[in-house]
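For reference, the structure discussed in these notes is given below.
The values are calculated or read from the model by the stated rules, or taken from the named source; none is laboratory data. No experiment lies behind these values; they were computed from the predicted model shown. We place every Cβ from the backbone using ideal geometry, glycine too, and count neighbours over all the protein chains shown. Just so you know, the surface numbers come from the protein's heavy atoms only, side chains and all, with ligands and any DNA or RNA stripped out. Shrake-Rupley method; radii C 1.70, N 1.55, O 1.52, S 1.80 Å.
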Amino acid sequence: MSSNYLSHLNQVATFMKVPPGKLTLGINNVPMHSHEGKTHRGFLNILYSYLPHSTKNLAGETSEEKAELYQWLEYSLIYVSQSPLHYLSEINEFLTTRTYFVAQTLTIADVLLYYILYNVMENLTYLEKEKYINLSRWFDNMQQNPELRQKNKLVDFNTNYLAAISPARH
Amino acid sequence: MTFGDVKTAEGLKHLNLFLEDKSYLSGFVPCQFDVEIFEAIPKVNANLVNVLRWHNHIKSFSAEEKKNFPPDTNPIRAGRVVIDDSDDDDEDVDLFASDDEEEDATAAKIREDRVKAYSEKKQKKPALIAKSSIVLDVKPWDDETDMKEMEKNVRTIVMDGLVFGASKLVPVGYGINKLQVMCVVEDEKCSVDALIEEIEKFEDFVQSVDIAAFNKI
């Protein structure tokens with residue numbers, strides 16, 4: 001997983017249009033970042049060092065939103081990125097009442113989770129996508145942004161296939 | 001749009017299903033259509049969880065932000081509501097309409113001309129009439145039947161679309177001949193069965209009539 005950290009950071013930096021700087025893995029696979037003489041250690045520190053340089057407002061408005069955001073980032077890193085499959089149903093349930101993870105706008109939490117979940121979502125079957133319908137809806141909405149998607153492929157959420165199984169719903 | 005009137009409970013239920021896998025009503029960013037429907041729904045029951053989520057989300061935008069949403073981009077609705085798309089060509093939703101009105105008009109004119117020319121051409125050419133060439137075997141009762149009289153009788157039959165051709169007598173055996181007569185019928189005007197019945201009406205001469213050959217022309 002730790003090798004993915006760097007690619008996630010790279011993708012996030014590209015999305016925010018900030019220079020990713022020099023990213024390396026330090027002791028205990030902790031990502032290190034150095035840019036213009038400053039060094040940041042640890043994934044979230046690096047992430048937060050990007051935020052002020054971006055023109056996009058991804059950090060949340062109120063302090064409550066900021067706190068929530070930080071919790072989501074920790075959650076994504078500590079739990080979701082380790083074994084994404086185990087957390088799909090939890091995330092799905094959370095998204096039942098939400099369009100985005102924090103507040104009502106796109107934040108860095110959405111961005112990071114998109115990159116973390118991409119590999120998983122790509123390999124889900126249609127039935128599983130249907131099972132995690134709220135997650136699928138969120139993911140589908142995320143991936144429509146070409147800046148966010150970057151080189152990733154569009155994950156197909158076509159439900160025609162499912163019409164044969166449960167015609168009433170599609 | 002797969003939901004009906006959102007003011008009814010049934011419509012809301014469909015909207016709930018619709019929003020299950022979509023974040024916005026049309027496309028992937030909020031648009032005026034979202035606002036329109038949002039304003040039609042004053043309050044959402046908590047059991048319609050998808051509508052509630054969407055409703056809360058749209059509610060979070062200020063009036064100013066709502067005003068700046070892009071116009072309704074749904075191609076399905078675009079057919080119903082007149083939208084002037086001519087100045088925002090970059091919005092790639094106008095799937096079937098041409099983006100240049102003038103070009104459209106000339107294209108329509110060319111098409112019209114072609115249709116006209118084609119129909120004129122078609123009118124000049126006579127419609128193809130389906131015809132059949134038939135050889136009938138007319139069999140007499142016995143060798144004493146007057147074949148000449150029989151042939152004369154057969155040829156008296158007049159039907160619309162029927163033309164008799166050559167005929168000849170073919171020996172069958174024991175001095176008995178049968179009359180083979182060629183005729184051409186127009187399929188639409190004259191039926192072969194009716195013709196055979198007509199011939200069989202000359203009971204004094206004709207025992208039976210068979211179709212020896214039948215070819216579509």
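Residues in segment B:1-37 that are open to solvent by less than 20 Å² (accessible area, probe 1.4 Å), among the aromatic types (Phe, Trp, Tyr) and over 18 Å from A:ILE133 (Cα atoms): B:PHE33 alone. Confirm whether A:ALA13 is under 28 Å from B:SER60 (Cα atoms), of a type outside the set (S, T, N, Q) and assigned to a helix (DSSP H, G or I). Taking the combined requirement at face value, the residue satisfies it. The condition of being loosely packed, with under 10 Cβ neighbours inside 10 Å, at pLDDT 85 or above, out of contact with any helix residue (DSSP H, G or I) (no Cβ under 9 Å at 6 or more places or on another chain) and more than 12 Å from every other protein chain (Cβ to nearest Cβ) holds for only one of B:ALA63, B:ALA40, that being B:ALA63. Taken over segment A:91-144, the criterion of being at the interface with another protein chain (Cβ under 10 Å from one of its Cβ atoms), closer than 21 Å to A:GLU64 by Cβ and of a type in the set (Ser, Thr, Tyr) is satisfied by A:THR96, A:THR97, A:THR99, A:TYR100, A:THR105.
Of all residue pairs spaced 6 or more apart or on separate chains, those with beta-carbon atoms under 7 Å, a first member in segment B:1-29 that is within 13 Å of another protein chain (Cβ to nearest Cβ) and a second member that is β-branched (Val, Ile, Thr) and open to solvent by 40 Å² or more (accessible area, probe 1.4 Å) are B:HIS14/B:THR2; B:PHE18/B:THR2. Residues in segment A:112-140 that are within 18 Å of A:SER81 (Cα to Cα), in a helix (DSSP H, G or I) and of a type in the set (A, V, I, L, M, F, W, C): A:LEU112, A:LEU113, A:ILE116, A:LEU117, A:VAL120, A:MET121, A:LEU135, A:TRP138, A:PHE139. Restricting attention to segment A:1-13 and to residues that are small (Gly, Ala, Ser) and modelled with pLDDT of 80 or more, the residue that is least open to solvent (accessible area, probe 1.4 Å) turns out to be A:ALA13. Residue pairs whose Cβ atoms lie under 8 Å apart, sitting 6 or more positions apart in sequence or on different chains, and linking a residue in segment B:150-163 that is surrounded by 15 or more Cβ atoms within 10 Å (Cβ to Cβ) to a partner that is among the aromatic types (Phe, Trp, Tyr) and part of a loop (DSSP other than H, G, I, E, B), are B:MET150/B:PHE202; B:MET150/B:PHE205; B:ASN153/B:PHE202; B:ASN153/B:PHE205; B:VAL154/B:PHE202.
In segment B:195-210, the residues that are in the same structural domain as B:LEU162 (by TED's automatic domain parsing) reach residues that are open to solvent by less than 50 Å² (accessible area, probe 1.4 Å) and small (Gly, Ala, Ser) with C-beta atoms within less than 9 angstrom, at least six apart or across chains, in these pairs: B:GLU200/B:SER208.
This table checks each residue for (1) without any contact (Cβ under 8 Å) to a residue 60 or more places away in the chain; (2) surrounded by 14 or more Cβ atoms within 10 Å (Cβ to Cβ); (3) part of a helix (DSSP H, G or I).
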{"residue": "A:GLU65", "(1), (2), (3)": "yes, yes, yes"}
{"residue": "A:TYR70", "(1), (2), (3)": "yes, yes, yes"}
{"residue": "A:ILE78", "(1), (2), (3)": "yes, no, yes"}
{"residue": "A:LEU95", "(1), (2), (3)": "yes, yes, yes"}
{"residue": "A:TYR100", "(1), (2), (3)": "yes, yes, no"}
{"residue": "A:ALA103", "(1), (2), (3)": "yes, yes, no"}
{"residue": "A:ASP110", "(1), (2), (3)": "yes, yes, yes"}
{"residue": "A:MET142", "(1), (2), (3)": "yes, yes, yes"}
{"residue": "A:ASN152", "(1), (2), (3)": "yes, yes, no"}
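Being more than 11 Å from chain A (Cβ to nearest Cβ) and open to solvent by 40 Å² or more (accessible area, probe 1.4 Å) is the filter; apply it to segment B:43-53 and report the residue that is farthest from B:PRO71 (Cα to Cα). Selected residue: B:ASN47.
Let's see how each residue does on (1) at pLDDT 90 or above; (2) under 25 Å from A:ARG98 (Cα atoms); (3) of a type in the set (Phe, Trp, Tyr):
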{"site": "A:PHE15", "(1), (2), (3)": "yes, yes, yes"}
{"site": "A:ASN28", "(1), (2), (3)": "no, no, no"}
{"site": "A:MET32", "(1), (2), (3)": "no, no, no"}
{"site": "A:GLY37", "(1), (2), (3)": "no, no, no"}
{"site": "A:GLY42", "(1), (2), (3)": "no, no, no"}
{"site": "A:LEU58", "(1), (2), (3)": "no, yes, no"}
